[in-house]
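Trainee: Following this message is one structure expressed as structure tokens.
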Amino acid sequence: KTQQSTLMSFFGTP
Amino acid sequence: MLEARLLQASILKGIVESVKDLVREANFDCSDSGISFQAMDESNVALSSFLLRAEGFETYRCDRNLSLGVRFSSLSKILKCANNDDIVVIRAEDDADVLNFVFESPDESKISEYQIKLLDIDGEHLSIPEQEFDCVIKMSSSEFSKLCRDMTLLGQTVVIDAAKEGVKFSTYGDIGAGSVLYKHSSSIDDSSSGSGGKGRGGSGGMSARGCSIELREPVSLELSLKYLNNFTKAAPLSDYVVISASNEIPVMVQFDVGDIGYIRYYLAPQIKD
């Protein structure tokens, strides 16, 4: 079973 | 001020159509190098971006950097008024609260003018690290559209398994399971064979169902089909799509738009609970 991750956990906000 | 003249309205129409279901509103960042945009969908799962280089326009002038807040549904409505082969002139004064569009028929017999109101949008730019991907897959964009459509008939996510032999897309759901394997085809990877002449990134020689795979490491990644299907709305803009992936990081899906630029999407992967 998998769940959707979000981009925030990979890309930072400057 | 900004004044940009684009020979084919279809390019702008296509870009807006391929983003408007993912992003409600965003800033268009205009500089002397071109017009760019980056925004996430509301659930922060997918990021859409595009670049239109200044050199790709017939004429382009941008005196100082402008950030134009645009609602995509409004832009889409205005662009529906343009014919595909119209010439489009985009114009904005410095500190203006409207964006002006002029559509000229190719024979100059009809000139339409429209404007949309601009919005104040707090732009939140994500910083995306420059990265080398372990796997780069290039295939025809129409084949990619069909693949995503077909997978969606069965499941909600697709697993991409890229290995030396080829790349396998697989899915499963209530009614069953399915998979499609593309073997690496050299027909679109002949840039090193000395044939020369063809520009880099061209689609020359790519067969309709061919798929080229550059692989440094095997990659296995599970992705939401809902978003991938949204990305395929950019397929009419480009003959081919490039999917760049590494394990456990967002995938990058890019459609080159002629010589003018690209539309690029990032999609966060499915991760194990």
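The values are calculated or read from the model by the stated rules, or taken from the named source; none is laboratory data. Since the model is a prediction, treat every value here as computed from it, not as a measurement. Because the Cβ atoms are built from the backbone with ideal geometry, glycine has one as well, and the counts that use them run over all protein chains shown.
Per-residue answers, yes or no, for (1) in contact with a strand residue (DSSP E or B) (Cβ under 7 Å, 6 or more places away or on another chain); (2) without any contact (Cβ under 8 Å) to a residue 40 or more places away in the chain:
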residue	(1), (2)
B:Val16	no, no
B:Leu22	yes, no
B:Ser31	yes, yes
B:Phe50	yes, no
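Trainee: Could you give every pair whose Cβ atoms fall below 8 Å, whose first residue belongs to region B:122-136 and is within 12 Å of chain A (Cβ to nearest Cβ), and whose second residue is at pLDDT 85 or above and part of a loop (DSSP other than H, G, I, E, B), counting only separations of at least 6 or pairs across chains?
Mentor: B:Leu126/A:Phe11; B:Ser127/A:Phe11; B:Ile128/A:Phe11; B:Pro129/A:Phe11; B:Gln131/B:Ser246; B:Gln131/B:Ile249
Trainee: Report yes if some residue within region B:232-243 is over 15 Å from B:Val167 (Cβ atoms), touching a Cys at 6+ places or on another chain (Cβ under 6 Å), in contact (Cβ under 8 Å) with a residue 12 or more places away in the chain and outside any strand (DSSP E or B); otherwise report no.
Mentor: For region B:232-243, residues over 15 Å from B:Val167 (Cβ atoms), touching a Cys at 6+ places or on another chain (Cβ under 6 Å), in contact (Cβ under 8 Å) with a residue 12 or more places away in the chain and outside any strand (DSSP E or B): present.
Trainee: Could you list, in sequence order, all residues of region B:254-273 that are within 18 Å of B:Glu214 (Cα to Cα) and surrounded by 24 or more Cβ atoms within 10 Å (Cβ to Cβ)?
Mentor: Matches in region B:254-273: B:Phe255 only.
Trainee: So, one more: Considering only region B:136-157, how many residues are surrounded by fewer than 18 Cβ atoms within 10 Å (Cβ to Cβ) and either part of a helix (DSSP H, G or I) or of a type in the set (Ser, Thr, Tyr) (or both)?
Mentor: Number satisfying all stated conditions: 5.
Trainee: Given the residues B:Phe169, B:Phe133, which is the only one that is outside any strand (DSSP E or B), closer than 26 Å to A:Phe10 by Cβ and under 23 Å from the mean Cα position of the chain (by Cα)?
Mentor: On the way: B:Phe169 fails: outside any strand (DSSP E or B).
Result: B:Phe133 is the single residue among B:Phe169, B:Phe133 that is outside any strand (DSSP E or B), closer than 26 Å to A:Phe10 by Cβ and under 23 Å from the mean Cα position of the chain (by Cα).
Table: residues versus (1) touching a Leu at 6+ places or on another chain (Cβ under 9 Å); (2) modelled with pLDDT of 95 or more; (3) surrounded by 14 or more Cβ atoms within 10 Å (Cβ to Cβ).
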| site | (1), (2), (3) |
| --- | --- |
| B:Leu99 | yes, yes, yes |
| B:Val102 | no, yes, yes |
| B:Glu108 | no, no, no |
| B:Glu113 | no, yes, no |
| B:Glu124 | no, no, no |
| B:Ile128 | yes, no, yes |
| B:Gln131 | no, no, no |
| B:Asp134 | yes, yes, yes |
| B:Val159 | yes, yes, yes |
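Trainee: From the residues in region B:259-273 that are facing chain A (nearest Cβ under 7 Å) and more than 10 Å from the chain's Cα centre (by Cα), which one is nearest to B:Met40 (Cα to Cα)? Reasoning before the result, please.
Mentor: Going through region B:259-273, the residues facing chain A (nearest Cβ under 7 Å) turn out to be B:266, B:268-273.
If we keep only those that are more than 10 Å from the chain's Cα centre (by Cα) as well, we get B:268-273.
Details: B:Ala268: 11, B:Pro269: 15, B:Gln270: 17, B:Ile271: 19, B:Lys272: 23, B:Asp273: 23 Å.
Restricting to residues being facing chain A (nearest Cβ under 7 Å) and more than 10 Å from the chain's Cα centre (by Cα), the top hit is B:Ala268.
Trainee: Let me ask something else. Among B:Ser141, B:Ser179, B:Ser145, which is among the hydroxyl-bearing types (Ser, Thr, Tyr), free of Cβ contacts under 8 Å to residues at least 24 places away in the same chain and touching a strand residue (DSSP E or B) at 6+ places or on another chain (Cβ under 9 Å)? Walk me through it before giving the result.
Mentor: Working: B:Ser141 fails: free of Cβ contacts under 8 Å to residues at least 24 places away in the same chain; B:Ser145 fails: free of Cβ contacts under 8 Å to residues at least 24 places away in the same chain.
Going through B:Ser141, B:Ser179, B:Ser145 in turn, the sole match is B:Ser179.
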